[in-house]
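Worksheet: the structure to be examined is printed underneath.
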Amino acid sequence: MEMALFDIMGQASGLPVAELLGGRCRDDIPLSFSVADPDVDRDMAMVQRLYGEGLRLFKMKTGFAGHAADLKRMERFRKELPADAELRIDYNQGMVTHDAIRQLRDVEAFKPTFIEQPVPGHHRAALAEITRALDTPILADESVFTTTDALQVASGRMADLVSIKIMKHGGMLAGRKISAICEAAGIACYGGDMFETGIAHLAGTHVIAATPNISLGCEFYQAKYFLERDLLAEPFPIENGRVIVPKTPGLGVKVDEDRVKHYAVETLK
Ligand SMILES: [Mg+2]
């Protein structure tokens, strides 16, 4: 509903949503792609292909196949990709908390840009200990849903970075509030997502375009690289590994009405 209202306000005023949110500070956003295939060969082939298309940010999902297997995957990434390919690690809360610091010290050898949510979201004290113990920045995702969560993590310096997801926080303005709280503590933010279509990707794109502190890129890749069919009539705008912020009024969404009808589960009359 909030996304739709922002789109309507933009259409009515002739302004892109990024301008309605206070003005754009960037015209494009570096795109991150997540690799999580247990078939490492397939993952590496995909990463190579995307590197060729201009992508430089890659997030490896870890914590589901054991520590030794994770280290092997990281080693292959570093061996097979040029040095300017950024490796980011995301445990999705998958580590055993009591052994996290020792295992993460092994991970640091592969020079990840950040390590995301190693331990369960509610293990905040452990997250804070990990953040203090490691040189690599630690990114909180499932530890920060609400503004109260953000305030606790920021004031206790329990993480170095935070993932903003408009679905997780409950909307575009809610995501901006989280980023503002983080910014006050020197915590930079990342544009996460929750397996969305191009419509939500575009809402997130405008939020990031208007929020300087969400500076770590975004993972709005599903519409182009994952979904068999998106709901947008035109492809979600990605060029040379970057998401292009639309300059047209509103969100820049043109919906394919037939596809919406096809996937609709209920229609309000
Ligand atoms: Mg995550």
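The values are calculated or read from the model by the stated rules, or taken from the named source; none is laboratory data. Keep in mind the model is a prediction, meaning the values are calculated, not measured. So basically every Cβ, Gly included, is an ideal-geometry build from the backbone, and we count neighbours across all protein chains shown.
Pairing residues of segment 82-108 that are hydroxyl-bearing (Ser, Thr, Tyr) with residues that are in a helix (DSSP H, G or I) and more than 16 Å from the ligand (Cβ to nearest atom), at Cβ distances under 6 Å and at least 6 apart in sequence or on separate chains, gives THR97/ALA126.
Being within 26 Å of GLN152 (Cβ to Cβ) and either buried (at least 22 other Cβ atoms within 10 Å of the Cβ) or within 16 Å of the ligand (Cβ to nearest atom) (or both) is the filter here; which residues of segment 74-103 pass it? Residues satisfying the conditions are ARG88, ILE89, ASP90, TYR91, ASN92, GLN93, GLY94, MET95, ALA100. Quick check: is even one residue across segment 32-51 outside any helix (DSSP H, G or I), away from the ligand (no atom under 16 Å from the Cβ) and modelled with pLDDT of 95 or more? No.
If you check GLY170 against the conditions, is it small (Gly, Ala, Ser), without any contact (Cβ under 8 Å) to a residue 12 or more places away in the chain and away from the ligand (no atom under 16 Å from the Cβ)? Yes; evaluated as a whole, the condition is true for this residue. Scanning segment 143-167 for residues that are surrounded by fewer than 17 Cβ atoms within 10 Å (Cβ to Cβ) and either touching a Phe, Trp or Tyr at 6+ places or on another chain (Cβ under 7 Å) or outside any helix (DSSP H, G or I) (or both) turns up PHE145, THR146, GLY156, ARG157. The residues of segment 224-237 that are crowded, with 16+ Cβ neighbours inside 10 Å, in contact with a Gly (Cβ under 9 Å, 6 or more places away or on another chain) and under 18 Å from LEU55 (Cα atoms), listed by number, are LYS224, PHE236, PRO237. If you go through segment 153-210, how many residues are hydroxyl-bearing (Ser, Thr, Tyr) and farther than 20 Å from HIS122 by Cβ? Count: 4. Contact annotation: residue pairs with Cβ atoms under 6 Å, 6 or more positions apart or on different chains, pairing a residue in segment 115-132 that is in a helix (DSSP H, G or I) with a partner that is within 15 Å of the ligand (Cβ to nearest atom) and β-branched (Val, Ile, Thr), are ALA126/VAL119; LEU127/VAL119; ILE130/ILE138; THR131/ILE138. Here LEU151 fits the description: more than 16 Å from the ligand (Cβ to nearest atom) and at pLDDT 95 or above.
The residues on offer are VAL162, VAL119, VAL144, and the sole one that is within 16 Å of the ligand (Cβ to nearest atom), modelled with pLDDT of 95 or more and over 23 Å from PHE220 (Cα atoms) is VAL119.
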